[in-house]
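Reviewing the structure listed below.
Please treat every number below as a calculation from the coordinates, not as lab data. Nothing here was measured: the structure is a model prediction, and the numbers come from that model.
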Amino acid sequence: MNDKSAALAFRVLFSLIFVVAGAMHLLNPQKVAARLLAAPFGPLVASLAPPSLMVLGAGLVLLGAGLVLLAGLGTRAAAAALILVLIPITLTV
């Protein structure tokens, strides 16, 4: 396997993490929102905005940025969007 095919394989597998996570947020938002509310800081987060709205927003960003990474276009912008979404998710859950 040469460097180009290894980089392509990495990009595909890496982006699929976010595509699948985003799809799960969008396909089952009630389950994800329930997990958010059950998290230690869930009530704090729920006071900022409705959990279902936050789950749908995060799902759209995860799915969209994952697809952009998969295409290999605008990777810096996609990475920045993922950072903005993943940091609050990590701190909350």
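As a test of the formula, what do you get for the chain when each DSSP H run with n ≥ 4 contributes -39,500 (n - 2.57) and the sum is divided by the residue count, at 222 nm and rounded to the nearest 500 deg cm²/dmol?
-28000 deg cm²/dmol
What list of ³J(HN,Hα) couplings, whole Hz, do you get for the stretch 73-80 from phi and the Karplus terms 6.51, -1.76, 1.60, once you set θ to phi - 60° and write x for glycine and proline?
Computed from phi, the couplings for the stretch 73-80 are 10, x, 5, 5, 5, 5, 5, 5 Hz.
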